[in-house]
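Enquirer: Would you mind keeping the following structure in view while I ask a few things?
The values are calculated or read from the model by the stated rules, or taken from the named source; none is laboratory data. Everything numeric here is computed off the predicted structure, so don't read it as measured data. Because the Cβ atoms are built from the backbone with ideal geometry, glycine has one as well, and the counts that use them run over all protein chains shown. Side chains are part of the model used for accessible areas, which takes the heavy atoms of the whole protein and leaves out ligands, DNA and RNA. Shrake-Rupley method; radii C 1.70, N 1.55, O 1.52, S 1.80 Å.
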Amino acid sequence: AKRVNSARNKADKEAALAAMNGEIAALQGLLKPEYTLVEAAVAAVSNADDKLLCGQLMVNYGNVAIDKASQKRGLQMQLDSGRLPPETVPLVHVTLGRLAMESGDYATAQRELKAGVDGGYTKDESEFHLANAYLLDKQLPLGLKMLHDAITRNGTASPEYWIDNGVVIAFNNKLPAETNLLAGDLVTYYPSKTNWSRAIFTVTTINKYAGQDRLDLLRLRDRTGSFEDGSDYVDYIVYADPKRLPAEVLRLIDQGIAAGMITLDTPVDGLGNTVGKLQTQARGRLAGDKELLVVQEKDARGPRADAATVVGAADTFLSHGMSAKAEEMYRLALTKPGVDAGRVNLRLGIALVDQGKFAEAIEAFGKVTDTRAPIAQLWMVYAKNKMAGK
């Protein structure tokens, strides 16, 4: 087996595999008399205790002869005997399930692994193998749900590659609900900058977010420090729009240049616009934007202010980093008829996070139940992590 694993190319691997199989066959030939004796003992079984003993003999033979069929047969005999100690039964089920997995018998693997896990045996990554038995059997939503459930039960005891595996399978198979769940698991238990980048990318892409929804995910990239390259900064600058949110755009341009990810000459589209040109636009709008804040707040507090007026004021305050004022305006907006409650609760949560009001932010994110729910869920993970000091 070591020779097979260390082979450098396909031809060497095939040669090593053939040699290994030859050695196993030779070993089994040498052990044929022992196998005959075990078979004779099995044929003479007359009670449950005999069946248990012969099952143990069959497993021992299978282990020595590297004969998986004998291992499976012996384990099944032990189960069928009814004489196994209760605490051993789950392990035997799991072992049978693992052997079935190796032979591609996924139905048996699912049944046996489930019996073992339900019986309390969760060592040796049994829960992961159970989920994998469904995934390999192309029962993807069920397998991914089982994987998510195992991850949430075990928390940080779940290896990171369990979650990585689930995210890749869900994303590659275009399963949004499962991708959203597992991306959240990734940053809940392993909140590195790299994982935040992966989670935000997968949630953005699988849900096809654009416009203002994309902007709120880019804001999460900013808070988590998970910009991958200059394209992330360019996207943020474009979606924020120097004409609409100049203060936010200018801050991001300065940040991206300081990080060495963009320059003033970095192109932002195919029309000849550059970061420098957008910076000039934003600077030209900044003074007027600050003056507009006073007017917007006054209008928002007026008795005839509609939802759009109040939300516009809140968005401007948020872009200037005036999160307490933004919170006040978003809460006011939620009292107005016709308000887009999903977007407002999401941005209310962002304003609360920026003030360190994490419990209130989590409550606001939890009220987002429309198509933006996956965005809110990632922001909720971020708030929970911050509250836990991560």
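Enquirer: Those residues that are over 21 Å from Met101 (Cα atoms) and of a type in the set (Asp, Glu), I need them from the range 47-80; list them, please.
Expert: Asp49, Asp50
Enquirer: Now for a separate question. Among (1) farther than 19 Å from Asn154 by Cα; (2) part of a loop (DSSP other than H, G, I, E, B); (3) under 26 Å from the mean Cα position of the chain (by Cα), there is one condition Asp124 misses while meeting the rest; what is its number?
Expert: Status for Asp124: all satisfied but (1).
Enquirer: Given the conditions (1) touching a Phe, Trp or Tyr at 6+ places or on another chain (Cβ under 8 Å); (2) open to solvent by 10 Å² or more (accessible area, probe 1.4 Å); (3) under 21 Å from Lys298 (Cβ atoms), report the number of the one that Asn345 does not fulfil.
Expert: Exception for Asn345: condition (3).
Enquirer: For the list (1) in contact with a Lys or Arg (Cβ under 6 Å, 6 or more places away or on another chain); (2) open to solvent by less than 30 Å² (accessible area, probe 1.4 Å), I need the number of the one condition that Leu352 fails.
Expert: Exception for Leu352: condition (1).
Enquirer: Something else: When the residues of the range 132-164 are narrowed to those that are in contact (Cβ under 8 Å) with a residue 24 or more places away in the chain and outside any helix (DSSP H, G or I), which ends up farthest from Lys390 (Cα to Cα)?
Expert: Here the residue is Asp137.
Enquirer: Hey, another quick one. Quick check on my filter: what residues within the range 264-281 are open to solvent by 60 Å² or more (accessible area, probe 1.4 Å), of a type in the set (S, T, N, Q) and touching a residue at least 24 places away in the same chain (Cβ under 8 Å)?
Expert: Scanning the range 264-281 gives a single hit, Gln281.
Enquirer: For the range 53-76, indicate whether the set of residues that are at pLDDT 75 or above, within 20 Å of Tyr121 (Cα to Cα) and among the polar types (S, T, N, Q) is non-empty.
Expert: Yes: one or more hits.
Enquirer: I'd like to check something: does the range 246-255 contain any residue that is farther than 30 Å from Gly389 by Cα and open to solvent by less than 60 Å² (accessible area, probe 1.4 Å)?
Expert: So the first thing to find is which residues in the range 246-255 are farther than 30 Å from Gly389 by Cα, and the list is 246.
Subsequent filtering for residues that are open to solvent by less than 60 Å² (accessible area, probe 1.4 Å) retains 246.
Yes - at least one qualifying residue is present in the range 246-255.
Enquirer: So which of Val45, Val38 is assigned to a loop (DSSP other than H, G, I, E, B) and modelled with pLDDT under 85?
Expert: Working: Val38 fails: assigned to a loop (DSSP other than H, G, I, E, B).
It is Val45.
Enquirer: Could I ask something else about it? List the helices (runs of 4 or more DSSP H) inside the range 282-390, counting only whole elements, that have at least 1 residues being more than 19 Å from Leu218 (Cα to Cα) and free of Cβ contacts under 8 Å to residues at least 24 places away in the same chain.
Expert: Because the criterion is at least 1 residues that are more than 19 Å from Leu218 (Cα to Cα) and free of Cβ contacts under 8 Å to residues at least 24 places away in the same chain, the helices (runs of 4 or more DSSP H) in the range 282-390 that meet it are 307-319, 323-333, 358-366.
Enquirer: With modelled with pLDDT of 95 or more, more than 30 Å from Leu220 (Cα to Cα) and either of a type outside the set (Val, Ile, Thr) or touching a strand residue (DSSP E or B) at 6+ places or on another chain (Cβ under 7 Å) (or both) as the only criterion, which of Leu175, Leu135 stands out?
Expert: Details: Leu175 fails: more than 30 Å from Leu220 (Cα to Cα).
Being modelled with pLDDT of 95 or more, more than 30 Å from Leu220 (Cα to Cα) and either of a type outside the set (Val, Ile, Thr) or touching a strand residue (DSSP E or B) at 6+ places or on another chain (Cβ under 7 Å) (or both) holds for just one of Leu175, Leu135, which is Leu135.
Enquirer: Out of Ala133, Ala109, Ala150, report the one residue that is open to solvent by less than 20 Å² (accessible area, probe 1.4 Å) and within 30 Å of Leu53 (Cβ to Cβ).
Expert: Details: Ala133 fails: within 30 Å of Leu53 (Cβ to Cβ); Ala150 fails: within 30 Å of Leu53 (Cβ to Cβ).
Answer to the selection: Ala109.
Enquirer: Within the range 119-130, track down each residue that is of a type in the set (Gly, Ala, Ser) and surrounded by fewer than 20 Cβ atoms within 10 Å (Cβ to Cβ).
Expert: Keep residues of the range 119-130 that are of a type in the set (Gly, Ala, Ser), which gives 119-120, 126.
Gly119, Gly120 - these are the residues of the range 119-130 that are of a type in the set (Gly, Ala, Ser) and surrounded by fewer than 20 Cβ atoms within 10 Å (Cβ to Cβ).
Enquirer: Taking the range 86-101, which residues are farther than 20 Å from Leu147 by Cβ and either hydrophobic (A, V, I, L, M, F, W, C) or open to solvent by 60 Å² or more (accessible area, probe 1.4 Å) (or both)?
Expert: Within the range 86-101, the subset farther than 20 Å from Leu147 by Cβ is 86-89, 91-92, 95-96, 99.
Hits for the range 86-101 are Pro86, Glu87, Val89, Leu91, Val92, Leu96, Leu99.
Enquirer: If I ask for residues that are over 22 Å from Asp213 (Cα atoms), among the charged types (D, E, K, R) and open to solvent by less than 30 Å² (accessible area, probe 1.4 Å), which ones from the range 282-330 would you list?
Expert: Selection gives Asp289 alone.
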